[in-house]
Each structure stands twice: as C-alpha cells, then as structure tokens.
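Input: a single structure, listed below in structure tokens.
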Amino acid sequence: MEDRLSRLEGKMYPPEQEKTYAKAVMASATSDSHPVPNLKGKKQDNKIKENKNKHQTAAPVPEIEKSSTQVRKNATAIRPSAKANRKNQLKPKQQLPTVVVKSVSQEIGTSMQLKERLETAIHPNTLGIKIITSRLTFNKGMVLQVQTNEMAQKLQEAINGHDNLKNICGAHKPKERIPHIMVYDIEKCGEETTREIEEQSFLKKVKESNSLPDGEMKVLFRKKGSGSREHWIISMDPAIFKQIKGEKRIQFGFGSFRFKEFIEPMRCFRCHKYGHGKKTCMVDTEHCSKCPGMHSFKECKATEAVCRNCRDFNRKSTNKVRVNHTATSDKCPIFLREREQLKLKTNYGD
Ligand SMILES: [Zn+2]
Ligand SMILES: [Zn+2]
Ligand SMILES: [Zn+2]
C-alpha cells in the first residue's frame, strides 16, 4: 500500500522532491557552523523566500502528501545532498603575515631578477625567518608570506636596510582593504560635467544627507546597470561604513539609493584565477570559463560546465568540492572562500 501511494505521489508531484531538496540544502547552508558571509546569508534568505513563494503558488497540497510515508521519503531523498553541501563550504585559508617587495629601479627587468637579487643579498634562515609561500607578481615584484609578524617585520627591515637592495627595491606591508559598497541605479550624468566633478558632488551630497563622519570616500569604478543607469563601487573609511552598514538605502537629498556591501574577489577574465586581473595575467591564451579547456568560452563545445578552479582544488585536496558550475559562478566554493577571505582582510574599524 505504501509503495503504491509513493508511486502515485511521484506521478502527481514529480518536482516536489527537487523543491524539498533545494530548501533543505539552503536551510542547512544557513544553519551550518562554518562562517558564512553576511551577503551570502541575505541572498540565501531571499532564495528561501522565493522558494516558499513558489511553493505557495503551486497547486494545493492534498492531505495525502503530509503522511508519514512522504516525510520519510523526503528525508532519505535530501540526506546525501545536505551532506554534499557541507563539504562544499570551504574554510578560509589561514591568513599569514605578508611582505610585498616591489622593484623601484630600471636595473630590475623581471620579477625573477628581483627574486635572484633578494636571494643573493638575504638569507632568511640566518635571520630566523621562515618563508611559507612566495609568489612573483607581474609588476616586477614578489609577495612573501612568513610564519609570524616578527618575521615579517624583520624581513622588511632587512630588505629596506640592505646596501645592495635599498636602491633597487622596497618592502612593505600589503595595502589594507577598507570597506566598499555598491550603490545601485545611479542615472548617468550629462556630458557637460567631468567624471571627477560628478563623483565629488555625489559623494558630498551623500555625506551631507546621511550626516556621515569625516574620512575618505572614493568612487573606485562603475558597473553598467539597466538602461542609462550605473552601479557605483565606493570605498570608504571604516568609520563611515560603520554608520551606514545596517541600512538598505543611503539618503540623497530628497531621494535615496539602494546599496549593499561590495565584497567581490578579483578574478582574472583570462585565466579565471583569483588575486589578479586580466592586465597582469601571466598566461598567454584565454582559458574557458565553462570547462577546463584552453579556448574562449564562446568557442566552448562542452555540454556541461566543469569549474576549472574547483577541479584544480580537488586535484590537490582530499576535501572534494562540486565542480558542476562555471568558473564565473557566484556559487563556486572557491569564489565563496575567496570572498570570505576578503572579508577577513577588510578593516571594519572593530
Ligand atoms: Zn590570469
Ligand atoms: Zn570550454
Ligand atoms: Zn568552482
């Protein structure tokens, strides 16, 4: 009898399992103990609402579906997916003390040359410095991660104080990230005013209309919105962000704009790795964002998406993540981890 009922229900409500699955996955994501960025939480909340709405607008649910048989059936259907979701939330990588070295002389032609000069002049082991990671950068520089803050300080001093190095390169701490917001749907201005003037008068009005404290506020770039509208990405002093962070809209004279915190890790449009842009990319050919192939996504013949970043991660890690999404997906576990890391790097003034 139970079997027959289940089969009948299956025929009557085939999409039901999927809905329940999605709901369960999202619910488990929001209740998961791993740190979840605020933005993500909000997004998911919205989705849950959307999902609920869909459910409400669907055909009325007959009593039969609420039977214990169905509950049991759904419970077994969701279990594996909920498990997979937990797996897909990667913990942020450990933040290590970092030293950035940049060339300041024509003598250095490449970052490799800089590395050679550094290695000739400085021997980390004799200074008691343990290098954990090192990376060459496009702009004739190096990024070094060391074990402790003291080691970072010592390395910085050793480089900046070395007779053979001080005229060719400089070492410093990485620039601190301050909070960013994205302000939505700003009407593009007429051509009679310059971009700079337009931005300055906008920020002045925002400061006045919201009684914001003094401090830096800067329009970093703009994204295209619908029609003649743009979304502006604005960086600001932590004290300013503190004052508006609980709000959904910023006031603007007799009007207001919707905004949200902007935490978008930099992803290269050519190779799809994080941490650099297309201009400073080290690879020559465009990599596909839909599959791990070496072609433009426009020429991609793959029928199913395979994320190259998640595939690379799975090759190196025992902790496997799902790969069935594009490298540009905002659901990508690597993207979500990068975003969480960016948040940890941000100075919120706390
Ligand atoms: Zn790249
Ligand atoms: Zn492809
Ligand atoms: Zn991915």
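The values are calculated or read from the model by the stated rules, or taken from the named source; none is laboratory data. For clarity, every value in this text was computed on a predicted model and none was experimentally measured. Cβ sites come from the backbone with ideal geometry, for glycine too, and all protein chains shown count toward neighbours.
A few remarks follow.
- Flag if CYS291 is surrounded by 13 or more Cβ atoms within 10 Å (Cβ to Cβ), within 15 Å of ligand 3 (Cβ to nearest atom) and more than 20 Å from GLN89 (Cβ to Cβ): yes
- The set of residues from the range 280-298 being closer than 12 Å to PHE138 by Cβ and either in contact with a helix residue (DSSP H, G or I) (Cβ under 6 Å, 6 or more places away or on another chain) or in contact (Cβ under 8 Å) with a residue 40 or more places away in the chain (or both) comprises THR280, CYS281, MET282.
- Selection count where residues are outside the structural domain of MET217 (by the TED database) and without any contact (Cβ under 8 Å) to a residue 40 or more places away in the chain, scope the range 233-274: 6
- If you check CYS300, CYS271 for being within 13 Å of ligand 1 (Cβ to nearest atom) and either crowded, with 16+ Cβ neighbours inside 10 Å or more than 19 Å from the chain's Cα centre (by Cα) (or both), only one passes: CYS271.
- In the range 306-321, residue surrounded by the most Cβ atoms within 10 Å (Cβ to Cβ) [restricted to those that are part of a loop (DSSP other than H, G, I, E, B) and within 8 Å of ligand 3 (Cβ to nearest atom)]: CYS307
- Extreme residue, farthest from ALA239 (Cα to Cα), among residues of the range 322-350 that are assigned to a loop (DSSP other than H, G, I, E, B) and of a type in the set (Lys, Arg): ARG322
- In the range 252-278, residue farthest from ligand 3 (Cβ to nearest atom) [restricted to those that are small (Gly, Ala, Ser) and assigned to a strand (DSSP E or B)]: GLY255
- Counted residues, the range 294-305 - those being away from ligand 3 (no atom under 14 Å from the Cβ) and under 14 Å from ALA327 (Cβ atoms): 6
- Selected residue (criterion: nearest to ligand 1 (Cβ to nearest atom)) from residues of the range 274-288 that are farther than 27 Å from HIS180 by Cβ and either surrounded by fewer than 17 Cβ atoms within 10 Å (Cβ to Cβ) or within 17 Å of the chain's Cα centre (by Cα) (or both): VAL283
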